[in-house]
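Only one structure is covered here, and it is reproduced in the block below.
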Amino acid sequence: MTAQITDQFVLRDQRYTIAGVKGNELFVPENFGLEPFSLGSGCWRGYVCEYGLKDEHLVLERLGISLGYYAEPEAELKARRKFQDIEGPPINGVIPFKPTKPIDKIAGKKLIIHGILDQDCEYFNNAYKGLGLRINFTGGILIGDGFIERLFVGMGFQPAWKYKMVMELSFVDGMMTEQRNVSHQIGELRQKMIKQRLEPDLKASKDELRTWIESAFSLDYDL
């Protein structure tokens, strides 16, 4: 397991990291006939999104996704199977392109904390820009800025309390109904969390470790 690349949110021309989601699902690849593959441990789900607002409605603007299948040539070990790329279908009238910038030119931690879509790197084999795809989401989204580097843990997503500034955006059927700064509440939570272990106790039971890992890969929140 490793830290996961985060989804991004652009609000009023400023980029934030999505650090919490409460409500129904955001973008679901399967609803568009897409079956993402994980081509690296930094993104087990195989895709990453950038959201924004259009006329105060939530939209998916960018998408990086890995699509394809593993070929199984004769007389080869499964571990040596070659991944065959597939070009994704148009989404909302937008045709994907294949990124060409090598992944090794971008620092790993920067990918995790700040996303990678602007770099158009080869982490994914299909990239979409300018989608403007309306997302009829109902619930809340926490977006953060000012990641506190000393709190970084190389497992799952980085929670909201690791960011200096956090806002909660509320939506009903995709329309934003409220925007509020919750940095103070998050700061109070951070003071409690930093008194605990940032990483799991390796002497913990299997059930305790499983619970910790599941929480690290979840973006659920409750203020």
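The values are calculated or read from the model by the stated rules, or taken from the named source; none is laboratory data. Quantities reported herein were computed from a predicted structural model and do not represent experimental measurements. Glycine gets a Cβ as well: all are built from the backbone with ideal geometry, and neighbour counts include every protein chain shown. Calculation scope for accessible area: heavy atoms of the full protein, side chains included, ligands and nucleic acids excluded. Shrake-Rupley method; radii C 1.70, N 1.55, O 1.52, S 1.80 Å.
Name the residues in the stretch 120-159 that are of a type in the set (A, V, I, L, M) and in a strand (DSSP E or B), would you? Even if it seems obvious, please write down each step before you answer.
Step one: list which residues in the stretch 120-159 are of a type in the set (A, V, I, L, M), which gives 127, 131, 133, 135, 141-143, 148, 151, 153, 155.
Once the filter is applied, which keeps residues that are of a type in the set (A, V, I, L, M) and in a strand (DSSP E or B), the stretch 120-159 yields ALA127, LEU133, ILE141, LEU142, ILE143.
Within this structure, ARG134 fails the test of being out of contact with any helix residue (DSSP H, G or I) (no Cβ under 9 Å at 6 or more places or on another chain), open to solvent by 60 Å² or more (accessible area, probe 1.4 Å) and modelled with pLDDT under 90.
Exactly one residue out of LEU39, LEU58 is modelled with pLDDT of 95 or more, outside any helix (DSSP H, G or I) and either within 16 Å of the chain's Cα centre (by Cα) or over 30 Å from GLN191 (Cβ atoms) (or both), and it is LEU58.
Among the residues of the stretch 195-223, those that are open to solvent by 60 Å² or more (accessible area, probe 1.4 Å), over 28 Å from GLY23 (Cβ atoms) and either part of a helix (DSSP H, G or I) or at pLDDT 80 or above (or both) comprise LYS195, LYS206, ASP207, GLU208.
Residue-by-condition table, conditions (1) of a type in the set (Ser, Thr, Tyr); (2) open to solvent by 90 Å² or more (accessible area, probe 1.4 Å); (3) under 24 Å from SER41 (Cα atoms); (4) modelled with pLDDT of 75 or more:
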{"residue": "TYR70", "(1), (2), (3), (4)": "yes, no, yes, yes"}
{"residue": "LYS78", "(1), (2), (3), (4)": "no, yes, yes, no"}
{"residue": "GLY88", "(1), (2), (3), (4)": "no, no, yes, yes"}
{"residue": "PHE97", "(1), (2), (3), (4)": "no, no, yes, yes"}
{"residue": "GLY108", "(1), (2), (3), (4)": "no, no, yes, no"}
{"residue": "ASP120", "(1), (2), (3), (4)": "no, no, yes, no"}
{"residue": "GLY130", "(1), (2), (3), (4)": "no, no, no, yes"}
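Total residues in the stretch 148-177 satisfying the condition of being surrounded by 11 or more Cβ atoms within 10 Å (Cβ to Cβ) and among the acidic types (Asp, Glu): the figure is 2. Any idea which residue in the stretch 1-23 is surrounded by the fewest Cβ atoms within 10 Å (Cβ to Cβ), counting only those that are under 21 Å from ILE143 (Cα atoms) and at pLDDT below 90? Top of the filtered list is ALA3.
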